[in-house]
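Have a look at the structure below before the remarks.
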Amino acid sequence: MAKFKLASYWASACGGCDVAILDVHEKILDIAAAADIVFWPIALDFKYQDVEAMPDGHIDVTLFHGAVRNSENEHLAHLLRAKSKALVAFGSCAHIGGIPGLANLFTKEEIFKRVYQETPSTVNPENITPQPKVTVAEGDLTIPELYNTVHTLNQVVDVDYYVPGCPPTPKQIWNVVQVIVSGKLPPKGSVIGASEKTQCDECTLKKNGEKKITAFKRIATAQPDPAICFLEQGFLCMGPATRGGCDTRCQLSGVPCRGCYGAPAGVLDQGAKALSAIASIIDAKEEAEVQRIVDQIPDSLRSFNRFGIPASLITRKVL
Amino acid sequence: MTFEPKILGILCNWCSYTGADLAGTSRIKYSPNVRVVRVMCSGRVDPQFILKAFAEGADGVLVAGCHPGDCHYIEGNYKTIRRMALLKHMLADYGIEPERFRLEWVSAGEGDRWAHVVNKITEDVRKLGPSKIKKTAKKASPAA
Amino acid sequence: MKRISIDPITRLEGHGKIDIFLADDGSVANCYFQVPELRGFEKFIEGMPIEEVPRVVSRICGV
Ligand code: FES
């Protein structure tokens, strides 16, 4: 059988998705046996010009990690879209914005000010900040332009498949590879390497019955019982509004779900859905008492929508 | 030209919608800025509806239901109280002014109260000006 | 002046670019290392509950 051509690229990402691919361990040899890797900056030495030289549609599958944060990310998104038969938004950042998407609660100016002036470890009396173009004695130097708003991959180019997770689990990555190798690809737009259920549907922690919250607790100040549903104990858990498929790794490690697999099927806005589910189990009727309880949540938007602000109904803080 | 706010009203069928109807049949004059959607109970109002309204260009959103204790499904509007209290925090984190979103109780007999509630949110939103939430155009260049 | 651009630098975590300028005799006249990316963790963790920070900053580098 002819080998299929595989590319893996990171845009605004941490590299964890690439490492997750390597975490399939010795199965990586099976991937290498089935696929010709034609572009993979973290592992192999290919340059952008090598990709530019490829004919359109040359790559069979590109796994694109990372959000679209600057002009280089955007350029590579368009380039890899043109060169790939199937473009996969791989991992939370490409899928729903991910942790880099939290920058949508601030402006580029606020971020520059903090990073290049205010941080205690910064000494920058001339207030030098990165510029897209700098002229030096030898010629012009260029770097990409940072955008004000972080975008998901599908807000910039057409995406064929989505693989959620921060990062996707090696088990699910292996499932995805098998789907690709089998050639039996699901309909365009499908979420692959995840389940159709919510985290709560798949969570094995003990549930005692009706949930009633009279106080929200925080892991910094209270110790949860790791065997019992976190929500029942009053700890914020994104399980009710998060897609399953990760084998509830966080919950089984003693920490509540933070929502990296994104919204389950049919949900438009993960944050609003999580908020709705958690609000409805607050055990209070008086408006003042309800207010007292909800005020115990210190950071509502980032708590309910940690990974998906760029993919939400409202994609950034209002300017 | 003065700015005319576009406000979405989501009203429960049994009290608030009937109250709004009463305002009409009683020929009470009030601002025409609220477009009404009827739901069976304010407990049906998913916070997604409100975010979607803002995302689609509403300048304000008004949710109205039966007074606490009067919900025709007994517990529905208690859920509304909890959800909307939490949603207000989230809207604030998004930088949306609190005056743009209100939760009000209007009974079937309170046509005058409905008119007052509508006038109040319309004036508050008019003072704030148009919503600054921008729609994210699909497949647009992020540079814009 | 001849320029050699290495874009991107590969087999490491993160994005980087190197521009090397060569003098007429072929020796290296100057060399610039550029980091073309920024995400802004320094800013966007501000105000976050302390217990949430470890699970966010672990995404600075996943390698
Ligand atoms: S029926 Fe009116 S609020 Fe439930």
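May I ask you to verify whether A:ALA263 is open to solvent by 10 Å² or more (accessible area, probe 1.4 Å), under 18 Å from the mean Cα position of the chain (by Cα) and of a type outside the set (Val, Ile, Thr)? Before the answer, list the steps.
Values: open to solvent by 10 Å² or more (accessible area, probe 1.4 Å): yes; under 18 Å from the mean Cα position of the chain (by Cα): yes; of a type outside the set (Val, Ile, Thr): yes.
Yes.
Taking the criterion of being assigned to a strand (DSSP E or B) and surrounded by 14 or more Cβ atoms within 10 Å (Cβ to Cβ), would at least one residue in segment C:32-44 satisfy it?
The initial filter retains those residues of segment C:32-44 that are assigned to a strand (DSSP E or B), namely C:32-34.
Remaining after also requiring surrounded by 14 or more Cβ atoms within 10 Å (Cβ to Cβ): C:32, C:34.
Yes, there is a match, as at least one residue in segment C:32-44 is assigned to a strand (DSSP E or B) and surrounded by 14 or more Cβ atoms within 10 Å (Cβ to Cβ).
Selection within segment A:70-100: residues that are crowded, with 21+ Cβ neighbours inside 10 Å and among the hydroxyl-bearing types (Ser, Thr, Tyr). The member of this set that is farthest from the other protein chains (Cβ to nearest Cβ) is A:SER84.
Each residue in segment A:187-218 was checked for being touching an Asp or Glu at 6+ places or on another chain (Cβ under 8 Å) and open to solvent by 70 Å² or more (accessible area, probe 1.4 Å), and 6 pass. Taking the condition open to solvent by 20 Å² or more (accessible area, probe 1.4 Å) and on the phi > 0 side of the Ramachandran plot, does C:GLY47 pass? Here the answer is yes, as C:GLY47 does meet what is asked. C:GLY16: at positive phi, of a type outside the set (A, V, I, L, M, F, W, C) and more than 7 Å from every other protein chain (Cβ to nearest Cβ), yes or no? The answer is no for C:GLY16. Filtering segment A:279-319 to residues that are assigned to a helix (DSSP H, G or I) and either aliphatic (A, V, I, L, M) or more than 7 Å from every other protein chain (Cβ to nearest Cβ) (or both) leaves A:ALA279, A:ALA288, A:GLU289, A:VAL290, A:ARG292, A:ILE293, A:VAL294, A:LEU301, A:SER303, A:ILE309, A:PRO310, A:ALA311.
Per-residue answers, yes or no, for (1) more than 7 Å from chain A (Cβ to nearest Cβ); (2) within 17 Å of the chain's Cα centre (by Cα):
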| site | (1), (2) |
| --- | --- |
| C:PHE21 | no, no |
| C:ASP24 | yes, no |
| C:GLU37 | no, yes |
| C:LYS43 | no, no |
| C:SER58 | yes, no |
| C:GLY62 | no, yes |
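Here segment C:50-62 is the region considered, the condition is being part of a helix (DSSP H, G or I) and closer than 21 Å to A:LYS108 by Cβ, and the residue that is least open to solvent (accessible area, probe 1.4 Å) is C:VAL56. Selection of segment B:2-19 for residues being open to solvent by 20 Å² or more (accessible area, probe 1.4 Å), within 13 Å of the chain's Cα centre (by Cα) and in contact (Cβ under 8 Å) with a residue 24 or more places away in the chain yields B:LYS6, B:LEU8.
If you go through segment B:112-135 one residue at a time, do you hit one that is in contact with a strand residue (DSSP E or B) (Cβ under 7 Å, 6 or more places away or on another chain), at pLDDT below 95, more than 16 Å from the ligand (Cβ to nearest atom) and open to solvent by 50 Å² or more (accessible area, probe 1.4 Å)? No, segment B:112-135 contains no residue that is in contact with a strand residue (DSSP E or B) (Cβ under 7 Å, 6 or more places away or on another chain), at pLDDT below 95, more than 16 Å from the ligand (Cβ to nearest atom) and open to solvent by 50 Å² or more (accessible area, probe 1.4 Å).
For B:PRO98, the conditions (1) open to solvent by 20 Å² or more (accessible area, probe 1.4 Å); (2) more than 30 Å from A:GLY101 (Cβ to Cβ) all hold with the exception of (2).
Output the number of residues of segment A:1-56 satisfying the condition of being small (Gly, Ala, Ser) and open to solvent by less than 20 Å² (accessible area, probe 1.4 Å).
9
The values are calculated or read from the model by the stated rules, or taken from the named source; none is laboratory data. What you are looking at is a predicted structure, and each value in this text was computed from that prediction instead of being measured. Glycine gets a Cβ as well: all are built from the backbone with ideal geometry, and neighbour counts include every protein chain shown. When the accessible area is computed, the model is the full protein with side chains, heavy atoms only, and any ligands, DNA or RNA have been set aside. Shrake-Rupley method; radii C 1.70, N 1.55, O 1.52, S 1.80 Å.
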